[in-house]
Amino acid sequence: MTVQTQTVGRLQSLLELYLGGYQSQVVDQTVSKLISLEAGQSRAELQRLAARLTTYEQQYGMTSREFYERFRTGELGDDMDFVEWSVFWDMHQATHKRLDSLDKQVP
């Protein structure tokens, strides 16, 4: 059993307890703190990724969004810089989505 599977199982157990009416101030505070920590890490990751994207944007004179659309349609070819840029853009988008989800949980 992987660590991820174990964690999911633990979270499901807590969810089942809470759905059944269980309450715990310790669990509430711990979950809030975990979400805050994850959101902070996601913000820091977004900053690192934004810096990488800015480098490419300045080098090639276009926004990452514009680049990505053109890259996905095959207009730009498969230069290694473009492949890396697309990976950083994908990571940026995924991190942004994760942060949006976490921020919805912060009171």
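A short reminder: the numbers here are calculations on the coordinates, not readings from a lab. Bear in mind the structure is a predicted one, so any value in this text is a computation, not a measurement. Neighbour counts are summed over all protein chains in view; Cβ atoms, including those assigned to glycine, are modelled from backbone coordinates with ideal geometry.
Taking +1 at the Cβ of each Lys and Arg and -1 at the Cβ of each Asp and Glu, which of Thr63, Thr95, Leu49 sits farthest along the dipole of the chain towards its positive end, judged by Cα position relative to the Cα centre?
The listed residue farthest towards the positive side: Thr95.
Residues of region 53-77 with amide nitrogen under 16 Å from the 7 Å Cα-to-Cβ point of Val87?
Zone members listed by number: 53, 56.
Taking H as built 1.01 Å from N, whose amide H comes closer than 5 Å to the amide H of Met62, not counting residues under 5 places away?
Hits under the 5 Å cutoff: none.
For region 1-37 and region 45-79, what is the separation of their C-alpha centers, rounded to whole Å?
First find each Cα centre; the distance between them is then 38 Å.
Which of Thr54, Thr73, Thr63 moves most in a GNM of the chain, Cα contacts under 10 Å?
Thr73
Between the helical axis of 25-60 and the dominant principal axis of the chain, each derived from Cα atoms, what acute angle in degrees is found, rounded to the nearest 10?
For helix 25-60, the angle is close to 0 degrees.
What is the spin-label model distance, in nm, from Leu46 to Lys97 if the labels are put 7 Å beyond Cα along the C-beta direction?
Placing both labels 7 Å along Cα→Cβ, they lie 1.5 nm apart.
Under the definition of Cα pairs under 8 Å and six or more residues apart, what whole-number percent is the relative contact order of region 3-103?
Computed over region 3-103, the figure is 36 percent.
Treating only the Cβ of Lys, Arg, Asp and Glu as charged (+1, +1, -1, -1), what charge dipole size does the chain show about its Cα centre? Round to the nearest 20 debye.
In debye, rounded to 20, the chain gives about 460.
Could you work out which residue, out of Tyr18, Tyr56, Tyr68, moves most in a Gaussian network model of the chain, that is, has the largest mean-square fluctuation with Cα springs under 10 Å?
Largest GNM mean-square fluctuation: Tyr18.
Provide the net charge surrounding Arg98, with neighbours chosen by a C-beta distance below 13 Å and charges set as Lys +1, Arg +1, Asp -1, Glu -1.
Residues near Arg98 contribute -2 overall.
With θ set to phi - 60° and the Karplus curve 6.51 cos²θ - 1.76 cosθ + 1.60, what are the ³J(HN,Hα) couplings of region 61-76 in order, to the nearest whole Hz, using x for Gly and Pro?
Karplus-based 3J(HN,Hα) across region 61-76 equals x, 8, 6, 5, 5, 4, 4, 4, 4, 5, 5, 5, 8, x, 5, 9 Hz.
Take the chain, compute every pairwise Cα distance, and split them into 10 Å bins from 0; I just need the percent in each bin.
13, 31, 24, 17, 12, 3
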